[in-house]
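J.: Structure incoming, see below.
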Amino acid sequence: MPRVSQSEAWRRVRDVIEKSDLVLEVIDARDPLETRNEDVEKLARRLGKPVIIAMNKADLVPIDVLREWKQYLGRDYPTVFLSAKNRLGTRKLIVAIRDHAPRIPVTTSVVGYPNVGKSTIINYLKGKHVAETSPMPGWTIGEQIVRAKTWLIVIDTPGVVPVDEQKDEALLVIKGAIDPSSIEDPVVPALKLIMRIKRFNPRAFMERYGIDSEDPEELLNLIGKKRGFLLRGGKVNLREAAASVIRDWIMGKLVYYYRPSEVVSNA
Ligand SMILES: Nc1nc2c(ncn2[C@@H]2O[C@H](COP(=O)(O)OP(=O)(O)OP(=O)(O)O)[C@@H](O)[C@H]2O)c(=O)[nH]1
Ligand SMILES: [Mg+2]
């Protein structure tokens, strides 16, 4: 599980939002609804801080889909999309921060679910590697204050999960918010993840592994066999297969995305 407890992470996020002028909420462009953190937004509203949504990992989603989300989310908060990793779209982020800053210099907190790319964004804004990043969710432990530009201070924070989701491992897996090695039994969460991936990208498994099946459990078996995850006696080690599927999802090797019109009626 994350290297810092969620109650501690929330305490830090609350402190950091309190001392910032602007909140940058980072979400994952592949799954904007599941990685939008309503509790973070509520907290920002309660503390009277303006919010900008940054849809990161845009390199994994087609541009027309990104534009639809920008328009949809833009009804609530100014929204930009970017790929911090590939350094694309980041100029628009800087412009958005400057345009919505209540004062200059501005202190901006960077908040959101684990693993959405908060620390990678901090590094981009600074122009060098100052914040530790990792494919493992829950990497950042404490806050980190970085003067990114003469007029911009950014504060990195640990990823936070709303309280009512913290025990739902399958949901956290879908959100890419949990380290698979910390899950006691990853099989059920992996089966749910497989169903969600197939719903939005029926070709995902064929593209990644060259195999597929209508039945998620059989698919997991086939993946385990193909990757050589076998128990003594030759049966497939389903747990290992499940953890590997979850890891591939976290690493962006299994891809899906969807449009607002596919999931919300008022899009
Ligand atoms: N494809 C893609 N991957 C990205 C992008 N930005 C970050 N990542 C990857 O996502 C993973 C998580 O990035 P971090 O910056 O550590 O995420 P974080 O939000 O700080 O995570 P925590 O500290 O665990 O809450 C890393 O493997 C990054 O390389 C992006 O724009 N595109
Ligand atoms: Mg981080």
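The values are calculated or read from the model by the stated rules, or taken from the named source; none is laboratory data. Computed from a predicted model, the values in this text were never measured in an experiment. Note: ideal-geometry Cβ built from the backbone for every residue, glycine included; neighbour counts use all protein chains shown.
J.: Could you tell me whether TYR113 is among the hydroxyl-bearing types (Ser, Thr, Tyr), touching a strand residue (DSSP E or B) at 6+ places or on another chain (Cβ under 9 Å) and part of a loop (DSSP other than H, G, I, E, B)?
T.: So TYR113 passes the test.
J.: Considering only the range 124-231, give the helices (runs of 4 or more DSSP H) lying wholly within it that have at least 3 residues that are under 26 Å from VAL23 (Cβ atoms).
T.: Fully inside the range 124-231 and qualifying: 169-174.
Table: residues versus (1) of a type in the set (Asp, Glu); (2) surrounded by 17 or more Cβ atoms within 10 Å (Cβ to Cβ); (3) free of Cβ contacts under 8 Å to residues at least 24 places away in the same chain; (4) within 20 Å of GLY112 (Cβ to Cβ).
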residue	(1), (2), (3), (4)
TRP151	no, no, no, no
ASP164	yes, no, yes, yes
GLY176	no, yes, no, yes
PRO189	no, yes, no, no
LYS198	no, yes, yes, no
ALA204	no, yes, no, no
GLY224	no, yes, yes, no
LEU238	no, yes, no, no
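J.: While we're here: Here's a check for you: in the range 60-95, which residue that is more than 30 Å from GLU8 (Cα to Cα) and among the small types (Gly, Ala, Ser) is surrounded by the most Cβ atoms within 10 Å (Cβ to Cβ)?
T.: Among residues in the range 60-95 that are more than 30 Å from GLU8 (Cα to Cα) and among the small types (Gly, Ala, Ser), the one surrounded by the most Cβ atoms within 10 Å (Cβ to Cβ) is GLY89.
J.: Could you grab me the full set of residues in the range 59-78 that are touching a Gly at 6+ places or on another chain (Cβ under 7 Å) and within 21 Å of LEU22 (Cβ to Cβ)?
T.: Within the range 59-78, none qualify.
J.: Quick one: which residue in LYS92, LYS70 is in the same structural domain as LYS42 (by TED's automatic domain parsing), among the charged types (D, E, K, R) and over 17 Å from the mean Cα position of the chain (by Cα)?
T.: LYS92
J.: Would you confirm whether any residue within the range 18-30 is of a type in the set (Val, Ile, Thr) and part of a helix (DSSP H, G or I)?
T.: no
J.: Among all residue pairs at least 6 apart or on different chains, which show Cβ distances below 6 Å where the first residue, located in the range 73-91, is of a type outside the set (A, V, I, L, M) and the second is buried (at least 17 other Cβ atoms within 10 Å of the Cβ) and in a loop (DSSP other than H, G, I, E, B)?
T.: Listed pairs, sorted by first residue: PHE81/ALA29; PHE81/GLY89; GLY89/LEU82; THR90/LEU82.
J.: Follow-up question, since we're still on this one. Among (1) in a loop (DSSP other than H, G, I, E, B); (2) in contact with a strand residue (DSSP E or B) (Cβ under 8 Å, 6 or more places away or on another chain), which single condition is ARG75 missing?
T.: Here ARG75 clears every test but (2).
J.: May I pose another question? Counting only residues that are under 19 Å from ILE250 (Cβ atoms) and either aliphatic (A, V, I, L, M) or more than 16 Å from ligand 2 (Cβ to nearest atom) (or both), how many does the range 120-179 have?
T.: 17
J.: Looking at (1) free of Cβ contacts under 8 Å to residues at least 40 places away in the same chain; (2) near ligand 1 (Cβ under 7 Å from one of its atoms), which is the only condition VAL116 fails?
T.: The one condition VAL116 does not meet is (1).
J.: Is one or more of the residues making up the range 252-260 in a helix (DSSP H, G or I) and touching a residue at least 40 places away in the same chain (Cβ under 8 Å)?
T.: yes
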